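A quick write-up on the structure given underneath.
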Amino acid sequence: MHHLNGHRTPHREPADIQEKLDRGLVSSKIIRSGNQHSSCVVVTPSQVSLSGSMTGEESVGINVVAERGVAIQGSLGIAAMPQGISVAGLWCLNPLALSCMASTVASPIPMYTFNVPLGNIRSMISGFRSVMTLAQRHA
């Protein structure tokens, strides 16, 4: 069982999903790595599941459910510097807060800094200009 937004959701085994497919209860696509392995990708109208292993306590996978959000089960490794990790696209971890400098009432250090991704906006505008130029040539 894993928790997602306060709800307990059972970990789905491939056999449970296959049984529902056989009875016509759900329409989905399943991709398995083979009969001897439990890793699979399951796509339904309201859920996408990517499972690396489904062996009880060692279950590893990502569940994206329309009503509940995203659940990651298992060990998680992020290959980025702390400053490169963003929250909601506009907030990054403050390097000063990560330096272990004390945050006090007199000199507060915020945990996040506001970071507008201007580099991406420039490339988007450049791409938009290219598309508009091509559209004008063919008009």
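Remark on segment 82-137: Rg and Dmax equal 18.2, 60 Å (Cα only). Between Glu58 and Cys100, the FRET efficiency from the beta-carbon distance, with R0 = 35 Å, is close to 0.50. Distance between the pseudo-spin-label points of Leu76 and Lys29 (7 Å out from Cα toward the beta carbon): 2.7 nm.
A short reminder: the numbers here are calculations on the coordinates, not readings from a lab. These numbers were taken from a predicted model, which means no experiment stands behind them. Backbone-built Cβ (ideal geometry, glycine too); neighbour counts: all protein chains shown.
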